[in-house]
Amino acid sequence: MSGTQDMIARILADAEAEGARIEEQARNKAGALLQEAGEQAEESKRRAAEEAAKQAEDIVRSARSAAELIRRNILLEKRRGLIADVLDGTVRALAALPDETYLPLLLRLSEAAARTGEGVLRLNARDLARPGTAALSRDLGGGRSIRLSEEPAAIDGGFLLEYGELEMNSSFSALLEEKRERLEDLLNRELFG
């Protein structure tokens, strides 16, 4: 039986050697798989960090852009407010002109606005009470005349000139509003240029 035992011993030795070789291959394969998985995890981690950094940059850029837009809108609103204040102040200053300046201004404006026919000129109550307003009723020649109405108009200054159903609003606020865009551009250049 010694031959049989030798054979069994050889088979067992071969089986152990084969088992050791398979175990070594399995360890090597497992080590390679672990290393590859670690490298892939590192690559995924690096890509995730890059993507997170890019997203953070995009968020910061977007926030800065939004903040700049808000700042410009606030600045624009402040500018518009200042321009509106200047225009409102202009209307108040025109309405507060002394009689010796105000009446000639109304004479020139009404003559420029007059059409063929008889126009009815309406002033606000304050201007109707000013001395010398009767001079606004006049014949301008060429079939044009103006008659001052005693009925006050609800305007801030300047006048309304009526020809039947046609009403021309030459109040100071209407005249400034008509020229508002040009005046805003001019004021913008002067105040903020």
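The mean accessible area for residues of the stretch 110-193, using a 1.4 Å probe and ignoring ligands and nucleic acids, is 58 Å² per residue. Measuring how big the stretch 1-91 is from its alpha-carbon positions, Rg and Dmax come out at 38.4, 131 Å.
In summary, the lysines within cross-link reach of K179, defined as a Cα separation below 28 angstrom excluding same-chain residues under 8 places away, comprise K78.
What is the percent carbon and sulfur in the accessible area of the stretch 46-192, measuring with a 1.4 Å probe over the protein chains and ignoring ligands? Provide the component values of the computation, followed by the final result.
Details: 5230 of 9480 Å².
With neighbouring chains kept in place, the figure for the stretch 46-192 is 55 percent.
Summary value for the chain: 16 percent relative contact order, contacts being C-alpha pairs under 8 angstrom separated by 6+ residues. Accessible surface calculations at 1.4 Å, restricted to protein heavy atoms, place the stretch 2-89 at 84 Å² per residue.
Distance between the C-alpha centres of the stretch 63-86 and the stretch 102-152: 42 Å, rounded to the whole angstrom.
To check you understand DSSP bridge types, tell me what percent of the beta bridges within the stretch 1-154 (both residues inside) are antiparallel, rounded to 5. Each step should come with its number before you reach the end.
Numbers: 3 of 8 bridges.
If we restrict to bridges inside the stretch 1-154, about 40 percent are antiparallel.
Subtracting the Cα-Cα distance of F192 and V60 from their residue separation scaled by 0.36 nm leaves 44.5 nm. Counted over all Cα-Cα pairs of the stretch 120-193, pairs farther apart than 17 Å make up 54 percent. Our summary gives the stretch 47-149 a relative contact order of 21 percent, counting only alpha carbon pairs under 8 angstrom and 6 or more residues apart.
A Cα-only calculation for the stretch 61-108 places Rg and Dmax at 19.5, 61 Å. Helical content of the chain, expressed as a calculated mean residue ellipticity at 222 nm, amounts to -24500 deg cm²/dmol (DSSP H runs of 4 or more residues, -39,500 (n - 2.57) each, divided by residue number, nearest 500). Relative to its Kirkwood radius, the Cα radius of gyration of the chain gives an Rg/Rh of 1.86. Given R0 = 45 Å, the distance between the Cβ atoms of E36 and K78 translates into a calculated FRET efficiency of 0.15.
The values are calculated or read from the model by the stated rules, or taken from the named source; none is laboratory data. Being a predicted model, the structure only gives us computed values, none of them experimental. Ideal geometry is used to build each Cβ from the backbone, glycine not excepted, and the neighbour counts take in all protein chains shown. What goes into the accessible areas is simple: the full protein's heavy atoms, side chains included, and nothing from ligands, DNA or RNA. Shrake-Rupley method; radii C 1.70, N 1.55, O 1.52, S 1.80 Å.
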